[in-house]
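**Q** I'd like to ask some things about the structure below.
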Amino acid sequence: MDVSGGRGQPRPGNDESAEHTGPEAQAPGGTGDGPTTPSAPTPADETDAGPEGHTPGPGAPPPERGTPQDTGAAPDDAPAPGQDRHRTPAHTEPVADRPARPSRAPAGRPEHPDHPFAHTGSGKGQPPQRPEERKRGGLLMGRPFGVPVYVAPSWFLVAILITWVFGGQIDRVLPELGAVSYLVSLFFAVAFYASVLVHELAHTLAALRFKLPVRRIQLQFFGGVSEIEKEAETPGREFVLAFVGPLLSLVLAGLFYLGLLAVDPGSVPGVLLAGLMVSNLIVAAFNLLPGLPLDGGRMLRAVVWAITGKPMTGTVVAAWVGRALAVCVLIGLPLLTQSGALGSDAVDNVGMDTVLDALLAAILAAIIWTGAGNSLRMARLREHLPELRARTLTRRAVPVESDTPLSEGLRRANAAGARALVVVDADGVPVSLVREAAIVGVPEHRRPWVPVGTLAQDITEGMRVSAELAGEELLDALRATPATEYLVVEQTGEIYGVLSAADVERAFVKAMARPS
């Protein structure tokens, strides 16, 4: 591979780039290696990538209008379980006080010799985003322990449903209340979701105790979720992290029972305490069922992980148990309700209550089935994330001065087998990156009169990325400073090359497409 000097001139005595140079190697029309799109994620749960097209190599005529373009799409599921992401600062060294160093392309780094500036397209490529990064999550209620708590719009629908159903029951027990019974029922709905919040705070405190960052807590249609940004390091911690939620629900049920002993069961406080005791027992029992995405599923995952030593095996087992559980809920819950096994009278005919029971079972089954699938996709995402390495995805770059004509810069890139241009000052210090999308927009006949500096984007501190970054750390560094290109540097501050967000996106999709 050719090694260029600080001003973009090839250094004598180095012929490494012979395999990448020459007119034949630079002929336009290469197809690149962009993969097709699967789904998940986002993680991930779930798609939002803009189109990206092939760009002709230096010296080739620009694409004609209407020419079909290849597309690259981000995975639709970059989910979270929680959606795990650990934000680590990019490890870079300052380069402002040293001349530009030659860029190097290690073995295995994609060079696309037949298409040096391939995959530029519209320049909208961004690192894969998780869905929760693209939406706030509802109404912000507060930040206990520094973690934001959101109430999703669907919660208000459930609050109305609980008020209506529980209000009717209170009216039968305490008919003297009249319309006030629905106000008491609304208080019960709020108190019940406060219990759910305590359940989720238990998970959050355990995560913070294990130094696992928590993105947020969200109260939604059927309960709540604590979005933990990193996976537990050991199966023991995973088990504790999952178990503390149901444990707190059981504790709350016990406290409400003790309160019930001190009041008249036929009074308003008695009815409220009894309802909260029963509801927390149901929450605890339901979450202890051994299938993902429930807490019991995470506990089962931890047990299988501890036995096999493989977290992925634990996830697969717990997810498939979760799917089996979803089928059992879908079929079994209406049958149990109709038979009277859950405490109600047996029903011989199909009425409105039967239809509502079936609808509730279908909703619960869908939530469990979808959550189990998301857990599998997130596990696969974590398994493949280490394959995303800045060092292997970086394009070789040629340093040029700001007033260098674009045609000359592209000629130097062709000669060096490079696929990116870095604008340097008179001392060889990198100051900006030439945007690939801007190159595409300049007709070939104008390139000799267009300075590369007019097509460049200034390099901010966040656009300097360490060549050692990989996996979650790489994605977090790119998400912290959204851009289309990044300057990749060695720990010594030496320029390593240019990283395109579009290349990272394609590698992400390609990794997710491979089976575990």
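**Q** When you count, for each residue, the other Cβ atoms within 10 Å and take the mean per peptide, how do 408-417, 168-177, 290-299, 361-370 rank with the highest first?
**A** Put in order of decreasing packing, that is 290-299, 408-417, 361-370, 168-177.
**Q** From the Cα trace of segment 252-298, what convex hull volume per residue do you get, rounded to a whole Å³?
**A** 53
**Q** Now, a different point. Under a no-solvent Debye model with one identical scatterer per Cα of segment 348-507, what's log10 I(q)/I(0) at q = 0.09, 0.10, 0.14, 0.15 Å⁻¹?
**A** Treating every Cα as an identical point scatterer, log10 I(q)/I(0) equals -0.44, -0.49, -0.75, -0.82.
**Q** Oh, and also: What percentage of the solvent-accessible surface of segment 217-360, computed with a 1.4 Å probe over protein heavy atoms, is contributed by carbon and sulfur atoms?
**A** Summing carbon and sulfur atoms, their accessible area is 73 percent of the total for segment 217-360.
**Q** Next question. Can you give the extra length, in nm with one decimal, that the chain gains between Ser267 and Ile282 once fully stretched, where that is 0.36 nm per residue apart less the Cα-Cα distance?
**A** Contour length minus the Cα-Cα distance gives 3.1 nm.
**Q** Additional query: On the protein heavy atoms, probe 1.4 angstrom, tell me the percent of accessible surface of segment 392-516 carried by carbon and sulfur.
**A** 53
**Q** Based on the Cα atoms of segment 257-331, what semi-axes does the equivalent ellipsoid have, where each is the square root of 5 times one gyration tensor eigenvalue, given in whole Å with the largest first?
**A** 37, 14, 6
**Q** If I model a spin label as a point 7 Å beyond the Cα along the Cα-Cβ vector, how far apart are those points for Ile331 and Ala179 in nm?
**A** Rounded to a tenth, the inter-label distance reads 4.8 nm.
**Q** Take the Cα atoms of segment 420-480, find their three principal axes, and give me the spread along each one in whole Å, biggest first.
**A** Its Cα atoms span 43, 28, 16 Å along the three principal axes.
**Q** Taking H as built 1.01 Å from N, whose amide H comes closer than 5 Å to the amide H of Leu421, not counting residues under 5 places away?
**A** Close amide H contacts, sequence-distant or interchain: Val398, Val434.
**Q** Counting pairs of Cα atoms in segment 357-412, how many percent are more than 15 Å apart?
**A** So the portion of pairs separated by more than 15 Å is 72 percent.
**Q** How many nm separate the modelled label positions at Leu157 and Phe187, each set 7 Å beyond the Cα in the direction of the Cβ?
**A** That separation, rounded to one decimal, is 2.8 nm.
**Q** How much length is gained on full extension from Arg172 to Asp403, taking 0.36 nm per residue of separation minus their Cα-Cα distance?
**A** Once the chain is fully extended between Arg172 and Asp403, it gains 74.7 nm.
**Q** Using modelled amide H (1.01 Å from N, peptide plane; none on Pro or chain starts), what sits under 5 Å from the amide H of Tyr496, excluding residues fewer than 5 places away?
**A** Amide H to amide H, under 5 Å and 5 or more residues apart or across chains, Tyr496 pairs with Val488, Val489, Glu490.
**Q** What part of the accessible area of segment 145-204, given as a whole %, is carbon or sulfur when the probe is 1.4 angstrom?
**A** Taking all protein chains in place, segment 145-204 shows 79 percent carbon and sulfur surface.
**Q** Hey, with R₀ at 41 Å, roughly what FRET efficiency would His445 and Ala480 work out to, going by the Cβ-Cβ distance, to 0.05?
**A** Given R0 = 41 Å and the Cβ-Cβ separation, E is 0.55.
**Q** Leu250 label point, 7 Å along Cα→Cβ, cut-off 11 Å on backbone N: hits in segment 260-289?
**A** Backbone N within reach: 284-285, 288.
**Q** How high is the FRET efficiency between Ala513 and Phe221 when r is their beta carbon distance and R₀ equals 35 Å, given to the nearest 0.05?
**A** After rounding to 0.05, the efficiency reads 0.65.
The values are calculated or read from the model by the stated rules, or taken from the named source; none is laboratory data. This one's a predicted model, so the numbers in the text were calculated from it and none came from an experiment. Neighbour counts are summed over all protein chains in view; Cβ atoms, including those assigned to glycine, are modelled from backbone coordinates with ideal geometry. Heavy atoms of the whole protein, side chains included, go into the accessibility calculation; ligands, DNA and RNA do not. Shrake-Rupley method; radii C 1.70, N 1.55, O 1.52, S 1.80 Å.
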